[in-house]
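Data first, discussion second: the structure below is written as structure tokens.
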Amino acid sequence: MKSRTHIAVIGAGTFGGWTALYLLRAGARITLIDAWGPGNSRASSGGETRVIRGVYGPNSPYTEMTARAFPLWAKHEREWKRKMLYRTGVLWMAASGEDSFERGSVEMLRAARIKHQEISAKQIKQRWPQINLDGVNWGIYEPESGYLTARVICQIVKDAFVAEGGEYRESAVVSDDLEFGRWKALSLADGSTVAADKYVFACGPWLGKLFPQTIGNRIRPTKQDVFFFGVPAGERLDDSHLPVWAEHRDRFRYGIPGNQGRGFKIADDTRGPTFDPTNGERVVNPDGLRGIRQYLGLRFPAMKHAPLVETRVCQYEQTPDNHFIVDRHPAAESVWLLGGGSGHGFKHGPAIGEMMTELVLKNREPKPYFRLARFAPLGKTQEARIAAATKPHPRLASW
Ligand SMILES: Cc1cc2nc3c(=O)[nH]c(=O)nc-3n(C[C@H](O)[C@H](O)[C@H](O)COP(=O)(O)OP(=O)(O)OC[C@H]3O[C@@H](n4cnc5c(N)ncnc54)[C@H](O)[C@@H]3O)c2cc1C
């Protein structure tokens with residue numbers, strides 16, 4: 001009997017967890033390994049919630065990828081009888097004259113068949129009088145988008161993976177010779193080893209440390225502060241009365257109205273300082289809190305005096321161009337590197353799992369904008385081709 005290909009997937013966040021599940025279903029034998037567990041507090045997937053939306057600006061491949069992810073989220077909700085996606089709608093508020101990002105998104109949404117409507121400030125005001133629309137002229141509303149319960153989803157995916165026959169081990173990979181591609185097995189912190197036919201490293205913000213030469217600072221973990229404010233009773237500021245929302249003004253800010261008993265989530269997408277995901281202390285910056293409070297009071301006047309009920313510090317695993325990294329290690333055909341979510345990776349989890357199965361088991365080539373070669377000097381034609389296909393909009397937002 002032909003033996004099954006054995007693949008070790010390292011990292012049980014949204015990228016690794018879904019990849020492990022899809023590879024398992026495609027017939028491989030899978031060992032999934034995580035140092036601290038799926039959706040742990042250090043992981044980038046460890047937040048309570050993550051937004052899913054199709055607005056990504058012009059020329060972005062991620063609108064199409066989101067469109068693929070939607071039915072996969074729905075399929076798994078049905079299959080597992082668990083609610084993961086809250087379809088609150090997502091409202092993107094725009095100011096005329098500074099809206100090329102939003103204008104460019106409309107065509108992409110149409111092409112990807114993600115439900116959306118252009119909505120005037122007047123219509124926004126009529127529908128959600130809780131929002132003060134100073135400086136907003138129009139918006140894009142995605143009625144079927146919303147948010148995902150991130151941390152819990154990672155655990156659900158891992159449990160499904162184990163129930164379907166996958167092996168899960170909670171220990172850290174501590175091999176220090178990963179770069180050179182000549183190793184025969186992974187060393188784990190518990191003293192054991194794992195030898196597989198292929199390896200997928202989906203270690204989020206740790207990927208640069210594990211592969212200092214191949215990845216290094218091409219993935220920079222940045223400190224991101226998230227604030228949760230207590231919603232005043234009876235003011236219709238929760239997720240059954242307001243959509244997820246976002247806007248570019250002087251900065252890019254976004255939020256999720258009162259949800260999951262955690263309060264009204266709000267964050268500033270500006271990249272923070274470099275952060276150590278293992279030892280960094282997760283305390284928010286008081287200046288950031290002041291700025292967020294001011295903005296919150298302006299845009300949602302009923303939240304002006306709302307108390308801060310929780311904070312969270314997470315990290316983006318930021319690449320220089322905001323694109324993910326999906327490629328084989330240049331010194332080892334059997335080793336795949338998967339990461340660089342750059343603050344917008346969570347929503348794509350199941351689509352990534354599906355894509356990785358094609359790449360790893362059928363030996364296909366990743367898209368050029370995912371490949372490591374994009375960081376090396378390229379020939380002029382190749383450079384121009386990639387730039388034309390993937391040039392990020394100057395106001396490209398993550399989440
Ligand atoms: C504040 C914030 C808001 C965000 N908002 C959104 C959003 O609204 N929508 C969206 O789509 N995305 C959002 N993102 C981005 C998204 O959360 C990330 O891109 C995504 O979760 C990254 O997943 P990952 O699996 O690559 O990494 P991780 O979730 O970090 O998983 C990596 C795993 O690897 C494990 N690991 C690391 N080293 C080792 C080792 N040596 N051995 C074994 N295991 C190891 C870790 O324990 C961890 O569990 C946001 C991110 C942040 C921080």
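Computed values, structure above
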{"read-out": "Highest-MSF residue in the chain out of Asp250, Asp99, Asp197 [GNM, Cα springs under 10 Å]", "value": "Asp250"}
{"read-out": "FRET efficiency, Val106 to Ala373 (Cβ-Cβ, R0 22 Å, nearest 0.05)", "value": "0.10"}
{"read-out": "Helix axis angle, 100-112 relative to the chain longest principal axis, alpha carbon, degrees", "value": "60"}
{"read-out": "Fully extended contour minus Cα-Cα distance, from Ala163 to Arg4, at 0.36 nm per residue", "value": "55.4 nm"}
{"read-out": "Over the chain: helical MRE at 222 nm, DSSP H runs n ≥ 4 each giving -39500 (n - 2.57), nearest 500", "value": "-8500 deg cm²/dmol"}
{"read-out": "Three-way shape label, the stretch 83-223, alpha-carbon gyration tensor, a/c 1.5", "value": "prolate"}
{"read-out": "Cα gyration tensor, the stretch 65-123 - rounded (a/c under 1.5), prolate or oblate", "value": "prolate"}
{"read-out": "Listed residue (Ala20, Val51, Pro61) projecting farthest to the positive dipole end of the stretch 1-80, Cβ model", "value": "Ala20"}
{"read-out": "Surface accessible to a 1.4 Å probe, per residue, for the residues of the stretch 4-125, Å²", "value": "37"}
{"read-out": "HN-Hα J in Hz across the stretch 257-272 - Karplus 6.51, -1.76, 1.60, θ = phi - 60°, x for Gly and Pro", "value": "x, x, 8, 6, x, 9, x, 8, 7, 8, 8, 9, 7, 4, 5, x"}
{"read-out": "Calculated FRET value between Asp190 and Arg251, using beta carbons and R₀ = 41 Å, to 0.05", "value": "0.40"}
{"read-out": "Rounded if a/c under 1.5, otherwise prolate or oblate - the stretch 1-135, Cα gyration tensor axes", "value": "prolate"}
{"read-out": "Within the stretch 150-214, trypsin sites (Lys or Arg not before Pro) in DSSP loop having at most 13 other beta-carbon neighbours inside 10 Å", "value": "Arg182, Lys184"}
{"read-out": "Surface/4 estimate of mean projected area, convex hull on alpha-carbon atoms of the chain, nm²", "value": "20.0"}
{"read-out": "Most to least packed among 49-55, 84-90, 14-20 [average Cβ atoms within 10 Å]", "value": "14-20, 49-55, 84-90"}
{"read-out": "Spin-label zone in the stretch 64-80 - amide nitrogen under 18 Å from a point set 7 Å from the Cα of Glu144 along the C-beta vector", "value": "64-79"}
{"read-out": "Relative contact order for the stretch 72-168, counting Cα pairs under 8 Å that sit 6 or more residues apart, in percent", "value": "38"}
{"read-out": "Derived scalar couplings ³J(HN,Hα) [the stretch 186-196; Karplus, 6.51 cos²θ - 1.76 cosθ + 1.60; whole Hz; x for Gly, Pro]", "value": "8, 9, 9, 4, 7, x, 8, 10, 10, 10, 10"}
{"read-out": "Paramagnetic reach from Arg271 (point 7 Å along Cα→Cβ, amide N under 12 Å) across the stretch 200-238", "value": "217-223"}
{"read-out": "Estimated dipole of the chain in Debye, rounded to 20 [Cβ of Lys and Arg +1, of Asp and Glu -1, Cα centre]", "value": "640"}
{"read-out": "Kirkwood Rh, angstrom, the stretch 158-271 [1 / mean 1/r, Cα pairs]", "value": "18.4"}
{"read-out": "Karplus-derived 3J(HN,Hα), 6.51/-1.76/1.60, for each residue of the stretch 296-301, Hz, glycine and proline x", "value": "4, x, 6, 7, 10, x"}
{"read-out": "Percent of C-alpha pairs per 5 Å bin, the stretch 1-56, short to long", "value": "4, 18, 22, 17, 15, 12, 7, 2, 2, 0"}
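The values are calculated or read from the model by the stated rules, or taken from the named source; none is laboratory data. Keep in mind that this is a model prediction, so the values were computed, not measured. Counting neighbours? That spans all protein chains shown, and the Cβs are built from the backbone with ideal geometry, glycine included. Note: accessible area is taken over every heavy atom of the protein model, side chains too, but ligands, DNA and RNA are not part of it. Shrake-Rupley method; radii C 1.70, N 1.55, O 1.52, S 1.80 Å.
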